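The values are calculated or read from the model by the stated rules, or taken from the named source; none is laboratory data. These figures come from a predicted structure and were not determined experimentally. Glycine gets a Cβ as well: all are built from the backbone with ideal geometry, and neighbour counts include every protein chain shown.
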Amino acid sequence: MTAVLCGDCGAAMVLRPSRFRPFYSCTRYPACRGTHGAHPDGTPLGVPVDAATRQARIEAHAAFDRLWSRERKGSRGRAYRWLAERLGVEVVHIGEMDAAGCAR
């Protein structure tokens, strides 16, 4: 597995357990409080980024989820394909977007 690097400071991150699902935390904690989500099997959810981009991704996901839940026309995958078409890209994964992409 490729090393996961903190989006805030660039240091290595380590996988930690939690009640809900594992997550990555910066090895420089408490000096750096960078975290990043993980799938249940420990693979990272997208690419770690700085705090401002992380917040932009949270807001983009919230907007997408409101739209998708209101329309409910097909699967979540279909909704992501629709979004990719609107953005003029092949694949959309909010966890890999930068702040400008999230704003779009």
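A few points about this structure:
- Restricting segment 5-37 to residues that are modelled with pLDDT under 95 and outside any loop (DSSP other than H, G, I, E, B), the residue that is surrounded by the most Cβ atoms within 10 Å (Cβ to Cβ): H36
- Taken over segment 38-82, the criterion of being aromatic (F, W, Y) and either free of Cβ contacts under 8 Å to residues at least 24 places away in the same chain or in contact with a His (Cβ under 7 Å, 6 or more places away or on another chain) (or both) is satisfied by W68, Y80, W82.
- On inspection, L45 passes the criterion of being surrounded by 14 or more Cβ atoms within 10 Å (Cβ to Cβ) and among the hydrophobic types (A, V, I, L, M, F, W, C).
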